[in-house]
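The values are calculated or read from the model by the stated rules, or taken from the named source; none is laboratory data. None of the values given here were measured: they were computed from a predicted structure. When we count neighbours, we look across all protein chains shown, and the Cβ atoms used for this are built from the backbone with ideal geometry, even at glycine. For the accessible areas, the whole protein counts, side chains as well, though only heavy atoms, and no ligand, DNA or RNA atoms are used. Shrake-Rupley method; radii C 1.70, N 1.55, O 1.52, S 1.80 Å.
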Amino acid sequence: MRLLVLGGSAFLSRAVAADAAARGHEVVAVNRGRSGAVPDGVRHVVADRDGPFPAVPAAEAFDAVVDVSRTPSHVRKAVAALPEAHWVFVSTINVYADDSDPGGPGTGRLRDPEPDDVDAAGSPEAYGAMKVACENLVLEGAGSAAVVRPGLVVGPEDPSGRFAYWPARMARLLDDGATEVLAPGHPDDPMHVIDARDLAAWLVDLAERRVEGVFDGVGPASTVGELLAAAARGCGAEPRWRWADDATLEAADVRPWSGERSLPLWLPRPEYDGMRAHDPAPALAAGLTTRPVADTARDTLAWLRATPDAAVTGLTAAEEAEVLAGLPGGRRPDRS
């Protein structure tokens with residue numbers, strides 16, 4: 001298979017290029033060359049998609065294209081240049097308009113498409129809306145296509161630093177011996193994650209088999225308690241979890257999901273219940289396979305230790321200690 005990866009130098013798209021090359025496919029990656037090197041065995045075309053679609057891939061024949069773009073003009077030009085290829089477009093569950101509704105393809109209501117290129121940093125709602133527009137461009141313009149809407153994608157090389165907070169927190173426990181760790185919400189709250197390497201392998205499968213359809217690209221159903229326990233096990237840590245509910249976290253000025261003073265994997269309920277609980281069955285039936293979360297946590301910790309400048313978002317040690325001290329019967333983390 002001749003595969004064009006629009007991206008190929010960072011996180012998920014790089015994992016796609018690496019997986020396809022390892023299978024012996026001829027892989028071409030198109031990107032600006034600013035996010036790192038492409039994997040060994042992958043041909044690199046340096047291009048800025050803000051300009052015209054690059055002439056080199058446009059003049060070639062590809063069996064399949066994998067694109068991760070959020071920018072409608074980029075997708076519009078690429079589909080127009082390569083309409084005969086089978087497209088695998090990586091979207092997001094943020095395309096759904098109601099974050100409390102777990103309804104997936106065909107049932108979940110989508111955001112109104114945003115056909116223009118908008119700075120999502122200044123308008124967070126635009127991210128999902130632009131992805132809807134990108135999906136439409138692919139589904140309407142390509143001869144055949146699969147659209148995949150991932151949830152929380154995790155693992156080594158993740159530039160968001162969200163899941164990485166937990167292996168980093170387990171490393172701090174191992175280093176300082178303080179076993180008490182703040183945990184978000186209730187251990188039975190639903191949550192799922194998917195390792196980027198597993199998602200990438202499935203995307204290559206969809207390209208190879210020319211699978212058509214729209215899927216939520218989420219891992220098996222789980223709970224926050226199970227995920228955190230698995231992360232701790234994978235890192236060789238034995239924390240004593242201190243669970244804090246939504247109201248307690250909000251009162252302590254802890255923020256959800258990611259960013260400064262956040263507690264990753266926390267999404268307030270019920271307004272975000274849908275994002276936690278999309279149905280993985282259609283993706284699993286279409287060939288998605290996933291590794292244990294403990295393995296993802298172990299590998300993420302190894303990557304963090306080998307990459308001192310890796311992104312990790314969330315509460316600082318001092319901020320977590322402050323929140324723990326404010327819990328009923330709270331005290332500063334013990335040293336046992």
If the requirement is being modelled with pLDDT of 95 or more, small (Gly, Ala, Ser) and closer than 22 Å to Val154 by Cα, which of these qualifies: Ala252, Ala321, Ala325, Ala297?
Ala297
What do you reckon, is Gly122 open to solvent by 30 Å² or more (accessible area, probe 1.4 Å) and without any contact (Cβ under 8 Å) to a residue 40 or more places away in the chain?
yes
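Please find, among Leu304, Leu265, Leu288, Leu324, the residue that is open to solvent by less than 10 Å² (accessible area, probe 1.4 Å), over 22 Å from Arg149 (Cβ atoms) and aliphatic (A, V, I, L, M).
One residue alone meets the criteria, Leu324.
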With respect to Leu3, is the statement that it is open to solvent by 10 Å² or more (accessible area, probe 1.4 Å), under 28 Å from Gly128 (Cβ atoms) and at pLDDT 95 or above true?
no
Residues that are more than 22 Å from the chain's Cα centre (by Cα) and open to solvent by 80 Å² or more (accessible area, probe 1.4 Å), drawn from segment 246-262
Glu250, Ala251
For residues that are in a helix (DSSP H, G or I), aliphatic (A, V, I, L, M) and in contact with a Leu (Cβ under 8 Å, 6 or more places away or on another chain), tally how many sit in segment 267-312.
2
Note down all Cβ pairs under 8 Å where the first residue falls in segment 280-304 and is under 25 Å from Arg210 (Cβ atoms), the second is outside any helix (DSSP H, G or I) and open to solvent by 30 Å² or more (accessible area, probe 1.4 Å), and they're at least six residues apart or on different chains.
Pro280/Pro220; Pro280/Ala221; Pro282/Pro105; Leu284/Pro220; Thr290/Pro220
Within segment 18-88, which strands (runs of 3 or more DSSP E) (wholly inside it) include 3 or more residues that are free of Cβ contacts under 8 Å to residues at least 40 places away in the same chain?
26-31, 43-46
